[in-house]
There are 2 protein chains.
Amino acid sequence: MKTAFALVLALVLIGPAVAQTASTPAAIRDAALTDSTAWDVLESLTTEVGPRLAGTPAAERARDWAVAKLRELGFSNIRVEPFPIQSWVRGAESAEVTGPYPQKLTILGLGRSVPTPPGGIEAPIVVFSTYAEMLAQPEGAFTGKIVIVNQPMRATEYGAFGPNRRTGASEASRRGAVGYMTRSLTPATTDFAHTGASNPIAGVTPIPAAALSPPSADLLARMAARGPPVRVRMKLDSAPGGSTAWTVSGDLPGTTRPDEIIVIGGHLDSWDVGGAVDDGAGIAVTTAAARLASNGGRNQRTLRVVMWGAEEMAFAGSAYLAAHQGELSKFVLTSESDTGADGALAVRLPVGALNGPAFANLAGLLEPLKVVVEPAAATGAGDDVSAIIGQGVPAFSFRLDGSRYFDLHHSADDTLDKVDKAKMNQMVAAWAVLLNLAANSNQNFRPPPALAPAR
Amino acid sequence: MKTAFALVLALVLIGPAVAQTASTPAAIRDAALTDSTAWDVLESLTTEVGPRLAGTPAAERARDWAVAKLRELGFSNIRVEPFPIQSWVRGAESAEVTGPYPQKLTILGLGRSVPTPPGGIEAPIVVFSTYAEMLAQPEGAFTGKIVIVNQPMRATEYGAFGPNRRTGASEASRRGAVGYMTRSLTPATTDFAHTGASNPIAGVTPIPAAALSPPSADLLARMAARGPPVRVRMKLDSAPGGSTAWTVSGDLPGTTRPDEIIVIGGHLDSWDVGGAVDDGAGIAVTTAAARLASNGGRNQRTLRVVMWGAEEMAFAGSAYLAAHQGELSKFVLTSESDTGADGALAVRLPVGALNGPAFANLAGLLEPLKVVVEPAAATGAGDDVSAIIGQGVPAFSFRLDGSRYFDLHHSADDTLDKVDKAKMNQMVAAWAVLLNLAANSNQNFRPPPALAPAR
């Protein structure tokens, strides 16, 4: 009886003894579509941490959350890698028309903006409907004025409109302005301001800079069109925060080729007003996909999930390169997920990768997900991996449905409810298939060395 | 020569002497579709005044704007009718989770909420997913707590969800709560809080009350579901403002029956965060429609456009009744436009009105606008006219496409860009046709006196 009882107890304790069998890439793909890991990770990050700008206490909570989450999900070799940053932390902000039609404006200061004096600045405005028109004005044209650029961003043309936010304040200052406000870089017309980094030009007197919500930008344009001078008061406060950020990573070690490392991930930091889609979703998708791709620890190459610690101010990628210069030759493939969670449309691979065996079946495996394998080489694989890609690490890149992305981007509306679980899981499935194939191949994705030029 | 020259000059000065001919109702309808009056009125109000809560300086600017606009548009007998209000003016507001997961919350205090002490209140929360569940709790159940009701409003069921905002704080207070926050009354999930009046129950200790944005309400629910107590700090400031509001009206006097008055309009006041759709659009539509309906001053009955001065706190309708008790018998028909500008779907008339000649052609005239004349009697003709309707003034009511209305309602996103000019002009056309028919009829829309009951 005693022996029999002990045997029964042992069975109860270890649970049903179903032998775990290796899954095929197709089975991994299908399992991903109903897997809850990505959603659970994102729900946890947005609930327990929330917005997490580098340099703030929230970024430290995010670091601790990341370590605990990777451990909980079975990652090993968990690393917390500090690196120096120059942080910028938002204080109280407001803007209003003081005359002739007093109204409040919806704004967010731009990252790196200088603060105004405590009482704010008040000045007449000059409004341009394009950035080019503003740039066409001569030196001294804006003396004593606040410059407004009210140029709606077309669709997803974020890159083309970048200067409006990044260098507009410096360009206005060069022409005498005392303040600068740009229409938020979004095609949406909801009353959210969308923040983001500005990049003051060295040697130009810095002036306070903010993003206006589209309705507030339109309002100023309508007021200005009436003729009489429109006066605006803007108050921006900000201060440096902490001088350290942390990139957190964890590995699913390869069984037979642990020193061949596939480096993927998202960025852990976010703007101080959102952070679910940008880039909680990237963290969630890559973490979930790596686990599924490892297929219960059967991955031959190492899968490394990296949560970069300061993308928004563009520090983390170069820090990661500097810290990992010695092991770059071990990095066989890389990509970052950082354009939302609305589903993958296409993927691109390193030049020549489709000539080898690793991805021979990729197109067929992704077809049910409606993800196309494009023949062109990967581009835009992520801000945090561009530095290591620049050093020769092969990259792949997913192209996503970005039609809603800039409605939410860098705004307070970037919240968990905006994420569609099914669309996010379609991405998890596509990533998991690709990672599973790559992690169980011995294909070298680096281009063959160039032939020495003929003499 | 001298005489001939003077004649030529006179012709030049008075412009082309085209005799103005009377338009038909169909021609008025068609002209309305491309008329710019409604848009111009709304553009002017939102640009030159903006949000205009009763009791604030903006409400005084709105009053002056209304007088000038009615004059500019050719109205006469312009009246400014003051009436007493108990105003409530928002001060600084904020709310945040202090632990275990510190995050900021997006809120707007509810109208009539008491302020918190200057340092705010901080307390553990209790979250309910329905209002009924909260009401089911016994006395003392919430002692020392902040009560959260996170019940998403279904579609346009604003009325059914009214108690969540209006009496929730009193009901929570009865059960011991120290603060109350309701999920905003909106089906949308954007990160806007939607304010509105609360109606504290007499004799119940008032507690601070606010509306949460849907994402913030969901966030609190997710945090609370984890088990450990969640603590929230809320800070609300408010103060009484001015004690007078103004209803402004103007007439297009009737040619043959000036003492038969059709009373239409919208409300001039708005919440302090929006006011384009609610109810700038109502002002714009009715003002434009009355002008078109008058057909160059040919209206036989008087068309009166009223801009009621304090709808949001529900004072203006009864004040209007009190001030006009003596001329109620002159009011032949009334309606208010106060559910947006997304186009009319249907109209209802006073009981029996379709039996007379006035509206015999109405259905055919509205058919090209895709507006249906429904046989049922008018309902919900507007908060500001319900008091005079209660005294027997016949009413008509348009039913609008309200599918977007509560996405914007009482939020900062209620801005001019949300108005579709073509949809608004479809409303102008429908109103103008109806008003033109009514203003040129001698039909009495009051029901015939009831027969004396048989003895």
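Observations, loosely collected:
- Per the Kirkwood formula applied to alpha carbons, the range B:395-455 shows a radius of gyration over Rh ratio, Rg over Rh, of 1.23.
- Cut-off 18 Å (backbone N to label point 7 Å along Cα→Cβ of B:LEU345), residues of the range B:155-169: B:155-161
- The range B:296-308 - phi-based ³J(HN,Hα) in whole Hz, Karplus 6.51/-1.76/1.60, Gly and Pro as x: x, x, 9, 5, 6, 8, 6, 9, 10, 9, 10, 10, 5
- Its Cα centre serving as origin, the range B:258-306 has a Cβ charge dipole (Lys and Arg +1, Asp and Glu -1) of approximately 380 debye.
- Per-copy distances of the B:PRO375 label point, shortest first, in nm (7 angstrom along Cα→Cβ): 6.8
- For chain B, DSSP calls about 50 percent of its internal beta bridges antiparallel.
- Semi-axis lengths (Å, descending) of the ellipsoid that matches the C-alpha gyration tensor of the range A:268-373: 25, 20, 14
- The range B:81-150 shape via C-alpha gyration tensor axes, a/c threshold 1.5: oblate
- Helix content alone sets the calculated 222 nm mean residue ellipticity of chain A: runs of n ≥ 4 DSSP H residues at -39500 (n - 2.57) each, divided across all residues, give -9000 deg cm²/dmol.
- Look at the alpha carbon pairs under 8 Å that are at least 6 residues apart: their mean separation over the length of chain A gives a relative contact order of 20 percent.
- Per principal axis, descending, Cα span of the range B:316-368 in whole Å: 39, 30, 14
- Kirkwood hydrodynamic radius of the range A:380-425, Cα pairs, Å: 12.9 Å
- Gyration tensor (alpha-carbon) shape descriptor, the range A:325-455, a/c threshold 1.5: prolate
- Over the range B:211-316, Cα pairs under 8 Å with separation of 6+ residues give a relative contact order of 36 percent.
- Proportion of all alpha-carbon pairs of the protein assembly as shown beyond 41 Å (%): 48 percent
- Beta bridges assigned by DSSP with both partners in the range B:246-312 are antiparallel in approximately 40 percent of cases.
- Extension gain, A:LEU354 to A:ALA26, is 116.2 nm, computed as 0.36 nm per intervening residue step minus the present C-alpha separation.
- Average beta-carbon neighbours from other chains, 10 Å sphere, peptide B:403-412: 1
- With at most 14 neighbouring Cβ atoms within 10 Å, loop GluC sites (Glu not before Pro) (DSSP) excluded, longest segment of chain B: B:158-455
- With Cα atoms as the point set, the range A:42-88 shows a radius of gyration and Dmax of 11.6, 35 Å.
- Label point 7 Å beyond Cα along the C-beta direction, distances from B:ARG154 to other copies (nm, shortest first): 4.5
- When peptides B:100-107, A:394-401 are sorted by average Cβ neighbour count within 10 Å, with the highest value leading, the order is A:394-401, B:100-107.
- Chain B Cβ-axis minimum, rotational copy A, residue and distance in Å: B:THR190, 3
- Extension gain (nm, one decimal) between A:ARG71 and A:ASN361, 0.36 nm per residue minus Cα-Cα: 101.2 nm
- Peptide B:223-232 - average C-beta neighbours from other chains (10 Å radius): 1
- For A:ILE121, label point 7 Å along C-beta direction: distances to other copies, nm: 4.2
- Projecting label points 7 angstrom from Cα along Cα→Cβ for B:THR156 and A:ALA202 puts them 6.0 nm apart.
- Summarised in one figure, the compactness ratio Rg/Rh of the range A:73-213, Cα atoms and Kirkwood Rh, is 1.06.
- The distance from the alpha carbon centre of the range A:31-75 to that of the range B:187-242 is 27 Å, rounded to a whole number.
- When Rg and the Kirkwood radius Rh are both evaluated on Cα atoms of chain A, their ratio Rg/Rh stands at 1.05.
Laboratory data are not the source of any read-out in this text; all were calculated from the coordinates shown. Computed from a predicted model, the values in this text were never measured in an experiment. Don't worry about glycine lacking a Cβ; one is built from the backbone with ideal geometry, like all the others, and counts go over all protein chains shown.
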